Amino acid sequence: MNKSGSALIISIIFIVFFTIASFSIWYNTSLYSDIIFLQEQYYKKYYLAYCLLNYSCRFAQNNFDNICEQIDKTGAFVELNLDNFINLINKNIDKNFEYKYCATCYFNKLKDKNNNILVITLILFDQITKNQIFALNCEFELFKQKLKNNKLIKNFTIKKFKIL
């Protein structure tokens with residue numbers, strides 16, 4: 001009788017051990033998948049904001065003088081709404097992965113000696129709650145160079161890129 005009782009106790013210990021081990025593995029796997037999901041969501045927001053910032057830099061490059069003139073006239077920043085650009089992106093992707101965000105870009109002049117630096121700030125908002133999701137910032141600088149034949153070339157550089 002003692003043999004059958006000890007076999008029962010040993011089998012119960014093994015069952016408890018394997019149950020605890022399987023729950024531990026299940027917990028770690030679910031935790032890992034949650035971390036991967038959150039990381040994927042972060043990078044989707046980051047790359048969308050980065051794409052919108054690139055679009056804003058191209059807009060600033062094409063309209064640099066107009067933006068600076070408007071800032072000088074009003075003394076305030078210039079705002080660019082990028083919701084239409086997000087809608088254009090949404091038309092070209094699968095509807096299951098549609099971005100439900102809105103974005104605004106702000107152009108402001110940096111108070112500097114040459115006064116040819118725009119600070120571009122892009123803010124990505126949740127469309128429903130209007131909470132800020134992501135913000136990127138960079139400085140956009142105009143360099144004017146004269147060539148030997150007195151032609152003027154405008155070069156632009158993007159520097160001090162930051163995630164806010």
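The values are calculated or read from the model by the stated rules, or taken from the named source; none is laboratory data. A quick note: this is a predicted structure, and the numbers were derived from the prediction, not measured. No Cβ is skipped: glycine too gets one built from the backbone with ideal geometry, and neighbour counts run over all protein chains shown.
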Residue tally, condition outside any loop (DSSP other than H, G, I, E, B) and in contact (Cβ under 8 Å) with a residue 40 or more places away in the chain, over segment 72-97
1
Restricting to segment 117-164, and then to whatever is part of a loop (DSSP other than H, G, I, E, B) and either closer than 14 Å to LEU53 by Cα or within 17 Å of the chain's Cα centre (by Cα) (or both), can you tell me which residue is modelled with the lowest pLDDT?
LEU164
In segment 26-49, what residues are in contact with a Phe, Trp or Tyr (Cβ under 9 Å, 6 or more places away or on another chain) and of a type outside the set (Gly, Ala, Ser)?
TYR42, LYS44, LYS45, TYR46, LEU48
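Yes or no, residue by residue, for (1) among the aliphatic types (A, V, I, L, M); (2) modelled with pLDDT of 90 or more; (3) under 27 Å from PHE134 (Cβ atoms); (4) surrounded by 15 or more Cβ atoms within 10 Å (Cβ to Cβ):
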position	(1), (2), (3), (4)
ILE20	yes, yes, no, no
PHE23	no, yes, no, no
TYR47	no, no, yes, no
CYS68	no, no, yes, yes
ALA76	yes, no, yes, no
ASN81	no, yes, yes, no
LEU88	yes, no, yes, no
CYS105	no, yes, yes, yes
Going through (1) touching a residue at least 24 places away in the same chain (Cβ under 8 Å); (2) closer than 22 Å to CYS102 by Cα one by one, GLN61 fails only at (2)
For a quick check of your reading of the model, give me the residue pairs whose first member lies in segment 26-46 and is part of a helix (DSSP H, G or I), whose second is surrounded by 10 or more Cβ atoms within 10 Å (Cβ to Cβ) and of a type in the set (Phe, Trp, Tyr), with beta-carbon atoms closer than 7 Å and at least 6 apart or on different chains.
LYS45/PHE134; TYR46/PHE134
Scan segment 69-82 and give yes if some residue there is farther than 30 Å from LEU142 by Cα and not acidic (Asp, Glu), otherwise no.
no
Kindly check whether there is at least one residue in segment 28-39 that is closer than 30 Å to LYS130 by Cα, in contact with a Ser or Thr (Cβ under 8 Å, 6 or more places away or on another chain) and among the polar types (S, T, N, Q).
no
Could you list, in sequence order, the residues of segment 56-91 that are within 18 Å of GLN127 (Cβ to Cβ) and not hydrophobic (A, V, I, L, M, F, W, C)?
GLU79, ASN81, ASP83, ASN84, ASN87, ASN90, LYS91
